[in-house]
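Reviewing the structure listed below.
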């Protein structure tokens, strides 16, 4: 471009355009952007890129967000602040997917199923920034479009820009008002408002009633599911310490002994976590393990019912404990540590070899002479080792409907058919445990689901088939190990004897853990 005065430019006047053709500021010196408009925001912001990678792995590879996220954070070397942002963005977009998709469907000119899945994930990330986070709209738009331009392409970036501008025209409350304006079905309204599949809303409503609560609590429960959970820590008794975590800003736990709430970012930087003596474990899981370890047993011996051929305790006066479904080993580690003072030895059973290795790793901080890992089908233990264990934990595989706040992708993966498929396994494992426990011993049946089909129905079926078994006061057992006072978790059995117990996110701040303690008579 020549500096020759152009039309309307007086002789001697500085040219209005520079050598790149950009017009100069008439009022004085001005700095120009180093990139042309078509090149702006082409580089993906690392925190948003991490969130995008997590959503892509969850959707395309059936991955678990809690496993993918730390790896991606380390790969992109995010600092503490950016790691926190990426975590909230990824988990929030996954939790809010149902509501955000309903909003996006109003802003896209085609069915969402016809969009490139990567583009849809980017739109969900943008929607969460605009509707669920305190990110300025211009930043959410600019950075999300830049992310798409960098990792997907310029064409999709234009689409994302246009759609997110429509999303930004209203806040979340206004969008929900529009989505539910013509709805009269309470389940549909709750599904759209709280981003849960309708079948899960319906199931949780029924679960509340089944466990002695009221259906009116459903909104509180769904809101608790959508709240970002604080990391729960437990120091293995006699082995671990909370001191470092407390020095880093953790708060002492309000329900379980030796527990803490940690909101300081990556727990992996704590030495105790690296060593395995300080563990990440939901408080509900801690309480059910402690309840089993603390409940009274009845004495047993050849004179009061122990069968010939039972496996004796390795040392006189010690107990034998069994974790029938041990993987990945969190409850096993806590039980093994608790058992050191009894004393007790623990057998941790896991059918999948690679998960059995995780159990060994979890148990590593505990004296190796007090535990063993068995690799095999838990349904066979009762026949192979009848009446051999004093305490048996059955942490049964389940739908995980009680842990949706920690596993945000689970709500979109689980189907009603899963309940039917899991039922025989749950019943088989409980039956095996009742065979394996010795007379006077106790079985704890535990799930991280409040669904009637996975909790009360399984226990009631077992007690019908084995009427001699005694359902203990499970609520009282939880209260006895709670440092925060009565938990109000018990549901009396229909027969009036004993109780089951159910914890809730909206009442106790834990996962929705179910507990039934069953004792074999002597």
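Computed from the coordinates by the stated procedures, all read-outs in this text should not be read as laboratory data. No experiment lies behind these values; they were computed from the predicted model shown. Cβ: placed from backbone, ideal geometry, glycine included. Neighbour counts: every protein chain shown.
What to note about this one:
- For region 281-519, the square roots a ≥ b ≥ c of the C-alpha gyration tensor eigenvalues yield an a/c under 1.5, which makes the shape rounded.
- R0 of 25 Å, Cβ-Cβ distance residue 139-residue 43: FRET efficiency to nearest 0.05: 0.95
- Angle in degrees between helix 117-132 and the longest Cα principal axis of the chain, rounded to the nearest 10: 90 degrees
- The ranking of 280, 145 by Cβ neighbour count inside 10 Å, starting from the fewest, reads 280, 145.
- Cα-projected label distance for residue 241 with residue 166, points at 7 Å along beta-carbon direction, nm: 5.9 nm
- Between the Cα long axis of helix 416-436 and the first principal axis of the chain there is an angle of about 30°, rounded to the nearest 10.
- Centroid-to-centroid separation of region 117-182 and region 243-261 [C-alpha atoms, Å]: 38 Å
- Taking the average, over residues, of other Cβ atoms within 10 Å as the packing measure, peptides 377-383, 387-393, 146-152 rank 387-393, 146-152, 377-383 from highest down.
- Overall form of region 231-275 per C-alpha gyration tensor (a/c, 1.5; a/b vs b/c): oblate
- In the chain, the calculated helix contribution to ellipticity at 222 nm averages -13500 deg cm²/dmol per residue, counting -39,500 (n - 2.57) for every DSSP H run with n ≥ 4.
- Cβ crowding within 10 Å averaged over residues, with 254-263, 351-360 ranked highest first: 254-263, 351-360
- Sorting 513, 133, 469 by the number of Cβ atoms found within 10 Å of their own Cβ, with the fewest placed first, yields 133, 469, 513.
- Tail weight of P(r) past 17 Å, computed on alpha-carbon pairs of region 414-472, percent: 36 percent
- Given in Å, the Rg to one decimal and the Dmax to the nearest whole number for the Cα atoms of region 46-172 are 13.4, 39.
- Prolate/oblate/rounded label for region 195-272 (Cα gyration tensor, a/c 1.5): prolate
- Using C-alpha pairs below 8 Å separated by at least 6 residues, the relative contact order for region 180-311 is 18 percent.
- Cα-projected label distance for residue 189 with residue 112, points at 7 Å along beta-carbon direction, nm: 2.2 nm
- Site pair residue 352 and residue 522 shows an inter-label distance of 4.0 nm when each label is modelled 7 Å from Cα along Cα→Cβ.
- Rg(Cα) / (2.2 N^0.38 Å) computed for the chain, rounded to two decimals: 1.20
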